[in-house]
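Chemist: Just dropping this structure here.
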Amino acid sequence: MARSADLIDSKVFEAEFFLQKIAEAGTDFFAARCYLSAFASSSRSITFAIQAVLSDEEGFREWYAHVQERMRKDPLARFFTTVRNETQKIGHTPLNAGASGWRGDGTWETTYWFVGGYEGREDEIPRVDVLTACRTYFTTLLEIIYECYERFDVLSPLSFFSVPNLTAKGM
């Protein structure tokens, strides 16, 4: 194992932290935009951590090539890659609208939306609110991590220290 699976866990916890902050931003529009930028960056880092941790594992490169192809075909994954690139490299964020009001259960709710800034690419903007899009994308990333655990047993500390794995690694 190139590096510890803790790298993946820390990136998951970081992305989850910023996802929760988006949910808690309330009417603080600036905070919501900052948290979206941080979420896009940290969630993208999850796949980088997967590659760093598993790159030396037998069969990883072939398996991950299929994962990358699947992500390229996923409109939401492509959108969040664009969001990450534009928030980090240009300073643009697509979180440009929001609405607040009382819900039927008597609680106050603020909902944010992706709007504008994508001239010629409006069809790429998710048609769901920001929080729903972020949660859906995060779930996709968690599913990839789950596949890693199933396919590359070394992510589990118990599996890593098993006799077959240590033998295979020449330890």
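The values are calculated or read from the model by the stated rules, or taken from the named source; none is laboratory data. None of these values were measured; they are calculated from a predicted model. Cβ coordinates were reconstructed from backbone atoms using ideal geometry, including for glycine residues, and neighbour counts include every protein chain displayed. The area values use the complete protein model at the heavy-atom level, side chains included, leaving out ligands, DNA and RNA. Shrake-Rupley method; radii C 1.70, N 1.55, O 1.52, S 1.80 Å.
Chemist: If we scan segment 22-29, do we find a residue that is in contact with a Cys (Cβ under 8 Å, 6 or more places away or on another chain), at negative phi and surrounded by 18 or more Cβ atoms within 10 Å (Cβ to Cβ)?
Modeler: Taking segment 22-29 and keeping what is in contact with a Cys (Cβ under 8 Å, 6 or more places away or on another chain), we get 22.
Then drop every residue that is not at negative phi, which leaves 22.
If we keep only those that are surrounded by 18 or more Cβ atoms within 10 Å (Cβ to Cβ) as well, we get 22.
Checked segment 22-29: at least one residue is in contact with a Cys (Cβ under 8 Å, 6 or more places away or on another chain), at negative phi and surrounded by 18 or more Cβ atoms within 10 Å (Cβ to Cβ).
Chemist: For segment 94-105, state whether one or more residues are polar (S, T, N, Q), in a helix (DSSP H, G or I) and either modelled with pLDDT under 95 or open to solvent by 30 Å² or more (accessible area, probe 1.4 Å) (or both).
Modeler: Pass one, segment 94-105, residues polar (S, T, N, Q): 96, 100.
Remaining after also requiring in a helix (DSSP H, G or I): none.
No.
Chemist: Now for a different question. Limited to segment 43-54, what total is found for residues that are open to solvent by 30 Å² or more (accessible area, probe 1.4 Å) and either touching a Lys or Arg at 6+ places or on another chain (Cβ under 9 Å) or among the small types (Gly, Ala, Ser) (or both)?
Modeler: From segment 43-54, those open to solvent by 30 Å² or more (accessible area, probe 1.4 Å) are 44, 48, 51; that's our starting set.
Right, trim to either touching a Lys or Arg at 6+ places or on another chain (Cβ under 9 Å) or among the small types (Gly, Ala, Ser) (or both) and you get 44, 48.
Residues flagged as open to solvent by 30 Å² or more (accessible area, probe 1.4 Å) and either touching a Lys or Arg at 6+ places or on another chain (Cβ under 9 Å) or among the small types (Gly, Ala, Ser) (or both) within segment 43-54 amount to 2.
Chemist: Kindly list the number of the only condition in (1) open to solvent by 20 Å² or more (accessible area, probe 1.4 Å); (2) under 17 Å from residue 144 (Cβ atoms); (3) part of a helix (DSSP H, G or I) that fails for residue 85.
Modeler: The failed condition is (2).
Chemist: For residue 25, are the conditions met, namely being in contact with a strand residue (DSSP E or B) (Cβ under 9 Å, 6 or more places away or on another chain) and modelled with pLDDT of 90 or more? Don't jump to the end; show me each part of the working.
Modeler: On the way: in contact with a strand residue (DSSP E or B) (Cβ under 9 Å, 6 or more places away or on another chain): yes; modelled with pLDDT of 90 or more: yes.
It is true that residue 25 is in contact with a strand residue (DSSP E or B) (Cβ under 9 Å, 6 or more places away or on another chain) and modelled with pLDDT of 90 or more.
Chemist: Looking at segment 132-155 only, could you name the residues that are at pLDDT 80 or above and open to solvent by 40 Å² or more (accessible area, probe 1.4 Å)?
Modeler: First pass over segment 132-155, keeping only residues at pLDDT 80 or above: 132-152.
Scanning segment 132-155 gives 132, 135, 136, 139, 142, 143, 146, 147, 149, 150, 151.
Chemist: Closer than 27 Å to residue 9 by Cβ, out of contact with any Lys or Arg (no Cβ under 9 Å at 6 or more places or on another chain) and modelled with pLDDT under 85, is that true of residue 161? Lay out the reasoning, then the answer.
Modeler: Values: closer than 27 Å to residue 9 by Cβ: yes; out of contact with any Lys or Arg (no Cβ under 9 Å at 6 or more places or on another chain): yes; modelled with pLDDT under 85: yes.
Spelling it out, residue 161 is indeed closer than 27 Å to residue 9 by Cβ, out of contact with any Lys or Arg (no Cβ under 9 Å at 6 or more places or on another chain) and modelled with pLDDT under 85.
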